[in-house]
Ligand code: SF4
Ligand code: SF4
């Protein structure tokens, strides 16, 4: 054991956590939450450990801890906490905090802290989409005005938004968003692995976890909470809905965005995606309004915005399709513009900076936790020391070695 105890609280972190409503001080470290959590393990113990780290302002230790991402917020720990310290909700707050720290642009931090920034960012991107449809001569309403009366008497989407142009824009947007998310994920990777000696081959042997958790979040199924199965199925359906929609828009747009009121088989995929998105988002919002489960008792603005934007995207997409099939040209063009004024801001703001980013961070954390655990079993002492303490020549008594 280390012979000196040196805790250097990060006061800025404590202030920020308090701003988000994080009340870690209520916790008196009884450990009941960790003992009832069906996902907590000896190697990756939570949520008591994270409550202590947050209480003590040990930001560096928290940044190096995959624990917050291994929690699926079943709420069992909060139900059993004798101090009503809401450990489940505090793990959620830590995930929001970590998301804002991984983002190198700083936008995520601003948006999590301020509704004005979040709405402002969405409004700005929506305004840019509106300008795209109104300003260039060869696109949108101006193209329509000089492309002949035919496009005003029958739906001709290609005379309004040429599919080739939209497709190229979609691909560029997907690449930029993917790049932003990737760079943020790399920062997360650096924090979780910093100072730890991990043999390269372990990154390959554990790769299966990254794929399985990324696709189906199988770890959630191990959660014993009352509503865990329902929440997993709903989340899984939701993911299939927007992955289908995203694929249609980025990969299959030349077929999906038909030029007139005709029909194409890709529409069936569109119907699946929109139905699933409508049903699951209404279901989520309904649960949030009723607040009758631990997971839905507390709601941050981002918890509302994401399902609302997904719902509006699906609804406006259906409207475009109905107007197109019933051959109402101008109404179709206007609905199409509004549809993109909802969908594009949602993607641009939520994917790299908002709630959506957890779909990348959680599988990565589960994967790295597996890699680190495998490395620990190989290390002579059976444990890796804290990277930050080691790198800075400091010694901590690790919180999980103080009380148990
Ligand atoms: S059960 Fe509550 S008081 Fe006990 S360690 Fe967990 S959060 Fe703290
Ligand atoms: S919310 Fe559930 S999964 Fe998360 S720490 Fe609490 S008991 Fe564990």
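Brief remarks follow.
- Per-peptide packing, taken as the mean over residues of other Cβ atoms within 10 Å, places 30-41, 113-124 in the sequence 30-41, 113-124 from highest down.
- Sorting 362, 190 from the fewest to the most surrounding beta carbons within 10 angstrom yields 190, 362.
- Dividing the radius of gyration of the alpha carbons in the stretch 132-239 by their Kirkwood radius gives 1.24 for Rg/Rh.
- Rounded tilt (10° steps) of 329-353 against the dominant C-alpha axis of the chain: 20
- Principal-axis analysis of the Cα atoms of the chain puts helix 301-325 at an angle of about 20° to the longest axis.
- Its convex hull of Cα atoms gives the stretch 29-137 a direction-averaged projected area, equal to a quarter of the hull surface, of 9.3 nm².
- Principal axes of the stretch 314-367: Cα extent on each, largest first, Å: 50, 17, 10
- For the stretch 12-63, pairs of C-alpha atoms spaced more than 18 angstrom apart make up 33 percent of the total.
- Descending semi-axes in Å of the chain, equivalent ellipsoid built from Cα gyration tensor: 45, 21, 20
- Descending by average beta-carbon neighbour count within 10 Å, the peptides 340-351, 198-209, 47-58 line up as 47-58, 340-351, 198-209, the highest first.
- Relative contact order (%) - the stretch 136-359, alpha-carbon pairs under 8 angstrom, separation at least six: 25
- Exposure proxy ranking, count of Cβ atoms within 10 Å, fewest first, for 326, 99, 183: 326, 183, 99
- Zero-based 10 Å bins, Cα pair distances in the stretch 190-280, whole percents: 14, 28, 26, 21, 9, 2
- Computed over the chain, the per-residue total of -39500 (n - 2.57) for DSSP H runs of n ≥ 4 gives a 222 nm mean residue ellipticity of -21000 deg cm²/dmol, rounded to 500.
- Residues 14, 284 in ascending order of nearby Cβ atoms (within 10 Å, fewest first): 14, 284.
- Here the relative contact order of the chain, from alpha carbon pairs under 8 Å that lie six or more residues apart, stands at 25 percent.
- Extent along the principal axes, Cα only, for the stretch 136-359: 67, 43, 31 Å, with the longest axis given first.
- If the segment from residue 250 to residue 378 were pulled out straight at 0.36 nm per residue, it would be longer than the present Cα-Cα gap by 41.8 nm.
- FRET efficiency, residue 11 to residue 297 (Cβ-Cβ, R0 25 Å, nearest 0.05): 0.30
Every number here is computed from the coordinates shown, using simple stated rules; none is lab data. Please read all numbers here as calculations on a predicted model, not as lab measurements. Methodologically, a virtual Cβ is constructed for each residue, glycine included, from the backbone with ideal geometry; neighbour enumeration extends over all protein chains shown.
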